[in-house]
Amino acid sequence: MKKNVGAIDSVIRIDLAFILGYIYYSYPHPTIWYTVGLLFAGHLLGTAVFGMDPIYKLFGLSTNIGVGKCGTCETDKNCPC
């Protein structure tokens with residue numbers, strides 16, 4: 001499982017997850033949209049912690065610096081890709 005979530009992306013995801021969690025728990029009568037937001041916050045937090053986002057993988061995206069198309073860029077700094 002290659003990491004495709006970079007450090008800055010992880011910090012932004014953690015911040016957004018805490019903001020969404022705060023919004024969910026600060027209102028006395030949450031609706032279905034607050035619950036969807038809480039689930040999204042869990043997705044953001046989980047992907048930030050584990051460093052892998054399945055949605056990024058589905059579209060072939062990566063914010064992790066050093067991850068190229070071949071997948072060996074993490075260990076080989078002279079990788080041609």
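Derivation of every value follows stated rules applied to the coordinates shown; laboratory data play no part. The structure presented is a predicted model; accordingly, all values stated were derived computationally and were not measured. Heads up, the Cβs are rebuilt from the backbone with ideal geometry, glycines too, and the neighbour counts pull from every protein chain shown.
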Query - Efficiency of FRET from Cβ geometry, THR63 and ILE23, R₀ 22 Å, rounded to 0.05 - result: 0.35
Report summary line: Counting sequence-distant residues (5 or more places) and residues on other chains, those with an amide H built under 5 Å from that of THR63 are VAL5, GLY6
